[in-house]
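For reference, the structure is listed below as structure tokens.
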Amino acid sequence: MTISADHTTFDTPHDPLEKARKYVLLLIDADEIRSQRIACVLTLAGMRAIVVTTIYQAFERFLQERFTPSLILLGQQEEQTKQLFGRFFQRLTQELQREVPIMPLTNIKISNGDLLAAYETLSRTTHRVSHSNGSFLKRIWEILPGAECSFSTEEHTVALEALPKIGLTPHVTRTKRSMASHFHHQLKAARQVIGYDQWDNLISDVGLAQFRKEEHWPPLTNQYCIPPEYTTCLNRAVLFSNPEQPARQAYKWAGRVDSDILQKVALIFLMQQAPKIIGQDWNMRTLLTAFMNEANTTRGEKLTEWKRLDNGSFVFVFYSNMFAYGFMGASGPSCYVWQASFDKMLELGKIQNHWQVREIECSCQTHTGHCVFLFTPNTAS
């Protein structure tokens, strides 16, 4: 069977922060648990949250960062009665030449930061939108209709239609957890890329304020306790840290995040290759198997698979992909970290001149939860 990449948007440049640039929401809320859950939902919906606890912090960040809020989410109504709020709102109105709408968070209850998640009771093959958090977003979209994205899941996709025909059955994560030590390494790498000067603000803006301080990071153990949306939100923080070159930031992060996995993959490959010289086809099989096993170990369940196609290409699928988990409304394939990891894998295997890899389907667009990559042999090699 042939799976074509001709109709994908991978080769069409797109801005992964296009929506976030346009829709910046200032969230002022002393209830940190609620504000962090809201920040996570807003992040997964493609918007940009600026999270503070007081009007003083809001004014201070505005003067430092000069952001342009589309909406103010206000946790405590009494903030509006403060003199400083009046000065801040007047300053915004003067500079923006318009009044910024205010949405009170009175009676808003957010039980978690999920948006598009795996609910096995609803579907064993695709992700589903959280009803309560989806309703919250609809209230925001009544004020900002241009920020709306579809809650529907595409039915005619490679992951759901084409891959089952070659034996790759779609399924969602059962545990919804990944390894603590891996997320610890992700945090460490992200802080290096983001920089200490931006770390506290950005990690809070994406709903991960509990990880501002290193002593609160998960331990370096093999315990499976990290919700996958944490990785997606952390990925967005990395992109936000350099809005002029977000994709480059993701590549820098990937180089640090999965260096250990890739080194293991390369070592396994070289050890298996040592006894004999093997062809390019078997080189790829060996690398993909090693990569798949390491990725599945990180998740604690089989959520990655690959298959060789009749035309000599290879397809690799991430089910309930943790770098796209819960994210919705992207304008193009957005798994920069996996793209960078595969590029590095080919380089470490010394076969980068023989193969090309691209993401042909992304859950950030289809909302299935699954992302598909295609490896094609380079005919010029």
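Observations on the structure shown:
- For Rg and Dmax of the Cα atoms in Å, the candidate list reads [x] 32.0, 127; [y] 21.3, 65; [z] 21.7, 77; the entry that matches the value derived from this model is [z].
- The mean sequence separation of alpha-carbon pairs under 8 Å and at least six residues apart, normalised by the residue count of the chain, gives a relative contact order of 20 percent.
- The aspartates and glutamates within cross-link reach of K188, meaning a Cα-to-Cα straight distance under 18 Å and a gap of 8 or more places when in the same chain, are D197, D200, D205, E214, E215, E229, D258, D260.
- Least to most buried among T93, T289 (fewest other Cβ within 10 Å first): T93, T289
- Listed by chain and number, the lysines placed with their C-alpha closer than 30 angstrom to that of K109 are K19, K22, K82, K138, K176, K213; residues fewer than eight positions away on the same chain are left out.
- Less than 5 angstrom separates the built amide H of S178 from those of C225, I226, all sequence-distant by 5 or more or on a different chain.
- Full extension of the chain between Y196 and Y224 yields a length gain of 7.3 nm, computed as 0.36 nm times the residue separation minus the alpha carbon distance.
- Cross-link reach list, aspartates and glutamates versus K350, counting only Cα pairs under 16 Å and skipping chain neighbours closer than eight places: D281
- Taken over the stretch 18-152, the ratio of Cα radius of gyration to 2.2 N^0.38 Å equals 1.10.
- For the stretch 192-225, the residues whose backbone nitrogen is under 20 Å from a point 7 Å from the Cα of E244, taken along Cα to Cβ, are 192-199, 202.
- Full extension of the segment from S135 to Q210, taken as 0.36 nm per residue of separation minus the current Cα-Cα distance, would add 24.4 nm.
- Relative contact order of the stretch 18-152, defined on C-alpha pairs under 8 angstrom at six or more residues apart (%): 25 percent
- Fully extending the segment from D31 to I143, taken as 0.36 nm per residue of separation minus the present Cα-Cα distance, adds 38.0 nm.
- Footprinting exposure proxy ranking of K165, K344, K22, fewest other C-beta atoms within 10 angstrom first, gives K165, K22, K344.
- Each Cα pair under 8 Å and six or more residues apart adds its sequence gap; the mean of these over the residue count of the stretch 311-381 is a relative contact order of 46 percent.
- Burial ranking of peptide ranges 299-307, 58-66 (average Cβ count within 10 Å, highest at the top): 299-307, 58-66
Computed from the coordinates by the stated procedures, all read-outs in this text should not be read as laboratory data. As the structure is a computational prediction, the values presented were derived from the model and not from experiment. As a convention, Cβ positions derive from the backbone with ideal geometry for all residues, glycine included, and neighbour counts pool all protein chains shown.
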